[in-house]
Amino acid sequence: MDWGMKNRLSQVIKPETGRTVMLAVDHGYFLGPTKGLEDAEKTIEPLLPFADSLMLTRGLLRASVCACTSVPIVLRVSGGNSIVGEDLSNEGITTSIREAIRLNVAAVALSIYIGSKYEHQTLMGLSTLINEAQEYGIPVLAVTAVGKEMVRDARYLSMACRIAAELGAQVVKTYYCDDFEKVVKSCPVPVVIAGGKKIAELDALKLAHSAISRGASGVDMGRNIFQSRYPVEMIQAVRAIVHEGASVKKAAKFLPVPKKKR
Ligand code: 5RP
């Protein structure tokens, strides 16, 4: 691996722990004004000191993040669909590598949809992106998006992660599932998990803890942080789990004590 690639990867996955807390705020690329991100700048700014990297589109980056930031950027470069469109898997590359370089990003991210109608298109998109990004030492994060008809189990997610890694992705993002260690063990590159839909804070911490203890290299978490009533406390709690190996109980100390327990 060349120096530039290694340097960028170490901006995303922290060499001190081999882990990462990525803050995902890219949802608007197919959801539009997602709850919690309507005024994205206001939401993102207090979370930045606790994020190892920020995952978002170029539009949101330009509009909502100060160019003075030292937080590494993971640029979402796939899209072309919407939640109300014909098929969510109908994605292509939306942002060029020249643009990624111009924006000084640490990595680029693209979704693949294994088992969907547009599987081939998204896998060829990933391959094209990797070929281009490789030229400039830019790592690619492959996101294993799951179509409505697919089951998020270890068999399916192992296949999706492994295919992404075989095509050359440097990091893979997937979902947590039962037997998650099987997904990690059969994937030769670091695996990070998405948080998924907003759940109770304690359950989201349990999810992060289960993933880390079963071999995940970190989280690329969005809604369970920025849709929480306590986003700054949540990201700190997640950080403690990811980087310090904190238990759920210890991490939960970042959260305010529920009123009835006072
Ligand atoms: C969408 C994405 C999102 O970034 C991802 O789902 C992470 O966010 P959340 O934790 O809210 O699920 O990649 O394809």
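Of note:
- Computed as a quarter of the hull surface, the mean projected area of the alpha carbon convex hull for the chain stands at 13.4 nm².
- Here is what passes the span test in the chain: the DSSP H helices with alpha carbon length of 15 Å or more along the helix axis and a Kyte-Doolittle mean of 0.0 or above are 154-166, 201-213, 231-244.
- Charged neighbours of Val191, selected by a Cβ distance under 13 Å, balance to +4 (K, R count +1; D, E count -1).
- Computed across region 24-108, the Kirkwood hydrodynamic radius from all distinct Cα-Cα pairs reaches 13.4 Å.
- Most simply put, region 3-254 has about 10% antiparallel DSSP beta bridges, counting only bridges with both residues inside it.
- In region 60-209, inverting the average of 1/r over every pair of distinct C-alpha atoms gives 16.2 Å as the Kirkwood radius.
- On the basis of the beta-carbon distance and an R0 of 30 Å, Leu31 and His120 show a calculated FRET efficiency of 0.75.
- Within the chain, helix-based [θ] at 222 nm, where runs of 4 or more DSSP H residues each add -39,500 (n - 2.57), nearest 500: -11000 deg cm²/dmol
- Asn131/Glu99 FRET efficiency (R0 22 Å; Cβ-Cβ; nearest 0.05): 0.85
- Separation in nanometres of the label points that stand 7 Å from Cα toward Cβ, at Asn7 and Asp153: 4.6
- With Cα atoms defining each centre, region 223-241 and region 68-138 are spaced 26 Å apart in the structure.
- Relative contact order (percent, whole number), the chain, Cα cutoff 8 Å, 6+ residue spacing: 18
- Relative to the 2.2 N^0.38 Å rule of thumb, region 144-196 has a C-alpha radius of gyration ratio of 1.00.
- With loop membership from DSSP and a limit of 14 other Cβ atoms within 10 Å, the longest segment of the chain without GluC sites (Glu not before Pro) is 150-262.
- Region 1-155, relative contact order in percent, only Cα pairs under 8 angstrom and at least six apart counted: 22
- Region 167-262, relative contact order [Cα under 8 Å, separation at least 6], %: 24
Where a number appears in this text, it was derived from the coordinates with a stated rule and is not lab data. All figures in this text were calculated on a predicted structure; none of them were measured in a lab. Cβ: placed from backbone, ideal geometry, glycine included. Neighbour counts: every protein chain shown.
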